[in-house]
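The structure under discussion appears below in the form of structure tokens.
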Amino acid sequence: MSDKSFDMIVIGAGPGGYVAAIRGAQLGLKVAIVEREHMGGICLNWGCIPTKALLRSSEVFHLMERAGEFGLSADKIGFDLDAVVKRSRGVAKQLNSGIGHLMKKNKVAVFMGEASLPAKGKVSVKREKGTETLAAPNIVLATGARARELPGLEADGDLVWTYKHALTPPRMPKKLLVIGSGAIGIEFASFYNTLGSDTTVVEVMDRVLPVEDAEISAFAKKAFQKQGMKIMEKSMVKQLDRAKGKVTAHIETGGKVEKLEFDTVISAVGIVGNVEGLGLEALGVKVDRTHVVTDPYCRTGVDGLFAIGDIAGAPWLAHKASHEGVMVAELIAGQKPHPVKPESIAGCTYCHPQVASVGYTEAKAKELGYDIKVGRFPFIGNGKAIALGEPEGMVKTVFDAKTGELLGAHMVGAEVTEMIQGYVIGRKLETTEEDLMETVFPHPTLSEMMHESVLDAFGRVIHM
């Protein structure tokens, strides 16, 4: 095998691509990875990780403002936005260099450049010093996605920002408009609102966090409003008039258009897959609304060509991409992995309060024809939550009344993004309500609410 011939070539070094490369190498495959910009992809450099670093700073700031509640004193509380951003970028840089180390450790050949597929089994890499062609019988597309931009609402980096601008802001917004209340939009709204921006969130759907259970969305909305956020649902930004230092947004609600003035707008209206310039059409790859169509094993229909992560469609989550990468590498190596099931992948939103969920919402379970039992338990009934000073939140569980199967779990409140994994494991192990009720949860912990919610679904709740 020549230096430019491989068993497997991965295009894109994000959380799907680099994980696929490592797993392939572990299984004895000769692997190459092509990346045009950042090792670690958007998630590590411009998404999941740096946003969590920013949100941690705002969380600490929020706690400092509440010092008196804990018998503490903190005078002249403030923040340095540049220093907050510097820490966030430092965290991303540390992890970025770590990915490079992992590639070397696993003997994965790294090619920095722009990839395209000139023919089946071939990858052309446009680099600074010219173009070279790599070959492999198996190619994995992991090119990810980018922010969607709507006509008239395009980002300019000054008045109108994408997530990238919001991560390295040129200033602290005084009056902020966030368009879109999915995970990205609501996390930035939470960050800037906590640090003092007068924040308005516009959502075209009938509720914020529209993919979450309706009850959780309603609870989160009340918490956001209590923090001073203005929430506009069933609303659409039709136009942005830009002038020096200000933007006038034309916002339509119920057929009426209202003009509101802001100094900063963050557009978070979804993502589009990075499918351009790869040569997919010539190969016969089917693309639907900027996402490559695949089967449950991420096969594209073109022999030896796979697509994983954001380019392969929802849910657009790093952990989904990583597990698809492992699955595809194992498939290429001749193993028999199980397909990744979207309904068993947890979604986490790191706003304040946090939101996390896995499986079906109550409405979806009913729509699918299940006879259900629903349990709920509030944070105010949990000793650890009260001791932490975090009494606002709820855990909700949805069960199949006939079999006891856990169909879905939904949470809002402190640290729920950590707790949700307990239910994820439960679903993977096909745990029933009996198993969960007989499990001894440690005291005092927030996880006890997970137990109580299950008990509540079957009329056995203790502390409520």
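The values are calculated or read from the model by the stated rules, or taken from the named source; none is laboratory data. Keep in mind it's a predicted model, so treat the numbers as computed, not measured. Every residue, glycine among them, receives a Cβ derived from its backbone with ideal geometry; neighbour counts consider all protein chains shown. These accessible areas exclude ligands, DNA and RNA; they are computed on the full protein's heavy atoms, side chains included. Shrake-Rupley method; radii C 1.70, N 1.55, O 1.52, S 1.80 Å.
Within the stretch 275-291, the set of residues being open to solvent by 50 Å² or more (accessible area, probe 1.4 Å) and of a type outside the set (A, V, I, L, M, F, W, C) comprises GLU276, GLY277, GLU281, GLY284, LYS286, ASP288, ARG289.
Of the residues THR294, THR264, the single one that is of a type in the set (S, T, N, Q) and open to solvent by 30 Å² or more (accessible area, probe 1.4 Å) is THR294. Against the definition (charged (D, E, K, R) and either touching a strand residue (DSSP E or B) at 6+ places or on another chain (Cβ under 7 Å) or within 23 Å of LEU331 (Cα to Cα) (or both)), how does ASP310 come out, yes or no? Considered against the rule, which asks whether it is charged (D, E, K, R) and either touching a strand residue (DSSP E or B) at 6+ places or on another chain (Cβ under 7 Å) or within 23 Å of LEU331 (Cα to Cα) (or both), ASP310 comes out as yes. Mind checking which residues of the stretch 256-289 are within 23 Å of the chain's Cα centre (by Cα), in contact (Cβ under 8 Å) with a residue 60 or more places away in the chain and under 28 Å from HIS338 (Cβ atoms)? Matches in the stretch 256-289: ILE271, GLY273, ASN274, VAL275.
All conditions but one from (1) crowded, with 24+ Cβ neighbours inside 10 Å; (2) small (Gly, Ala, Ser); (3) more than 30 Å from SER57 (Cβ to Cβ); (4) in contact with a strand residue (DSSP E or B) (Cβ under 7 Å, 6 or more places away or on another chain) apply to GLY325; the one that does not is (4). Among residues of the stretch 184-208 that are without any contact (Cβ under 8 Å) to a residue 60 or more places away in the chain, those with a beta-carbon under 6 Å from a residue that is among the basic types (Lys, Arg) and open to solvent by 10 Å² or more (accessible area, probe 1.4 Å) at least six positions away or on a different chain give the pairs ASP198/LYS175; ASP206/LYS234; VAL208/LYS221.
Taking the listed residues THR431, THR417, THR397, the one that is buried (at least 17 other Cβ atoms within 10 Å of the Cβ), of a type in the set (S, T, N, Q) and at pLDDT below 95 is THR431, with no other qualifying.
Are any residues in the stretch 448-464 over 12 Å from GLY375 (Cβ atoms) and assigned to a helix (DSSP H, G or I), and if so, which ones? GLU448, the sole residue that qualifies. So, ALA20, is that one in contact (Cβ under 8 Å) with a residue 60 or more places away in the chain and either more than 20 Å from the chain's Cα centre (by Cα) or assigned to a loop (DSSP other than H, G, I, E, B) (or both) or not? For ALA20, the condition - in contact (Cβ under 8 Å) with a residue 60 or more places away in the chain and either more than 20 Å from the chain's Cα centre (by Cα) or assigned to a loop (DSSP other than H, G, I, E, B) (or both) - is not met.
Looking across the stretch 292-344, the residues that are touching a residue at least 60 places away in the same chain (Cβ under 8 Å) and among the β-branched types (Val, Ile, Thr) come down to VAL292, THR300, VAL302, ILE308, ILE311, VAL326, VAL328, ILE332.
For the stretch 434-447, filtered to residues that are part of a helix (DSSP H, G or I) and open to solvent by 40 Å² or more (accessible area, probe 1.4 Å), the residue that is farthest from GLU362 (Cα to Cα) is GLU438. Output yes when any residue across the stretch 152-161 is open to solvent by 20 Å² or more (accessible area, probe 1.4 Å) and assigned to a strand (DSSP E or B), and no when none is. Checking the stretch 152-161: not a single residue is open to solvent by 20 Å² or more (accessible area, probe 1.4 Å) and assigned to a strand (DSSP E or B).
Condition test on ALA409, is it of a type in the set (A, V, I, L, M), modelled with pLDDT of 95 or more and in contact with a Ser or Thr (Cβ under 8 Å, 6 or more places away or on another chain)? Yes. Which residue is nearest to GLY12 (Cα to Cα), if the candidates are limited to the stretch 297-312 and must be small (Gly, Ala, Ser) and open to solvent by 10 Å² or more (accessible area, probe 1.4 Å)? The extreme case among them is ALA312.
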